[in-house]
Amino acid sequence: QVQLVESGGGLVQAGGSLRLSCAASESAFILNVMGWYRQAPGKQRELVASTTNGGHTNYADSVKGRFTITRDNGKNTVYLQMNSLKPEDTAVYYCNCKSFLGEFWGQGTQVTVSS
């Protein structure tokens, strides 16, 4: 079982920035993929960004050029730097990881972008 604890959500005006953090209870070296998903009210959960142990990153088209995902394996932590935020980025953001242990989710953190 891997526990993921997110932090960094909040309320920000459009055009502003936030950085989300997700700390894992297991060594990040065994977590093949770490990423962020989001779910807005009435919508399905969607992938925002992910990163592999090999350094490969993947972004949703809607956030390319604005969001950056990084991971610090020494701290077992993955970050999501969100710049130029838009009201449509408002959602609950969930940390996710995949490894041979299975797939795990954090509890979610609310991000609200006001216009």
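The values are calculated or read from the model by the stated rules, or taken from the named source; none is laboratory data. Keep in mind that what you see is a predicted model, and the values were worked out from it rather than measured. A quick note on method: Cβ atoms are made from the backbone with ideal geometry, for glycine too, and the neighbour counts reach across all protein chains shown. Heads up: the accessible areas ignore ligands, DNA and RNA and are worked out on the full protein's heavy atoms, side chains in. Shrake-Rupley method; radii C 1.70, N 1.55, O 1.52, S 1.80 Å.
Derived scalar couplings between HN and Hα for the stretch 24-31 equal 9, 7, 10, 4, 5, 5, 9, 8 Hz in order, rounded to whole Hz, by the Karplus curve 6.51 cos²θ - 1.76 cosθ + 1.60 (θ = phi - 60°), x for Gly and Pro. In order along the stretch 71-85, the Karplus-derived 3J(HN,Hα) couplings, from 6.51 cos²θ - 1.76 cosθ + 1.60 at θ = phi - 60°, round to 9, 10, 5, x, 9, 6, 10, 10, 10, 10, 8, 10, 10, 6, 5 Hz, and Gly and Pro are given as x.
Placing a pseudo-label 7 Å from each Cα along the Cα-to-Cβ vector at Ser62 and Ser27 gives an inter-label distance of 3.7 nm.
About its Cα centre, what dipole magnitude does the chain give when the only charges are +1 on Lys and Arg Cβ and -1 on Asp and Glu Cβ, stated in debye to the nearest 20?
Numbers: 10 positive and 8 negative charges, 30 e Å.
Around 140 debye, computed over the chain.
Counting only protein heavy atoms and using a 1.4 Å probe, the accessible area of Arg45 comes to about 90 Å². Summary of packing: across the peptides 93-99, 54-60, 6-12, the per-residue average of other C-beta atoms within 10 Å ranks them, highest first, as 93-99, 6-12, 54-60. By the Cβ rule of 4.7 Å, the chain holds the following cysteines without a possible disulfide partner: Cys97. In order along the stretch 86-103, the phi-based Karplus estimate (6.51 cos²θ - 1.76 cosθ + 1.60, θ = phi - 60°) of 3J(HN,Hα) comes to 10, x, 6, 7, 4, 4, 8, 9, 10, 7, 9, 9, 10, 7, 5, 7, x, 10 Hz; Gly and Pro are listed as x. Under a 5 Å amide H cut-off, with hydrogens placed 1.01 Å from N, Gly16 pairs with Leu85 among residues at least 5 apart or on other chains. Backbone amide hydrogens, once placed in the peptide plane, bring Glu26 within less than 5 Å of Gln3, excluding anything fewer than 5 places away on its chain.
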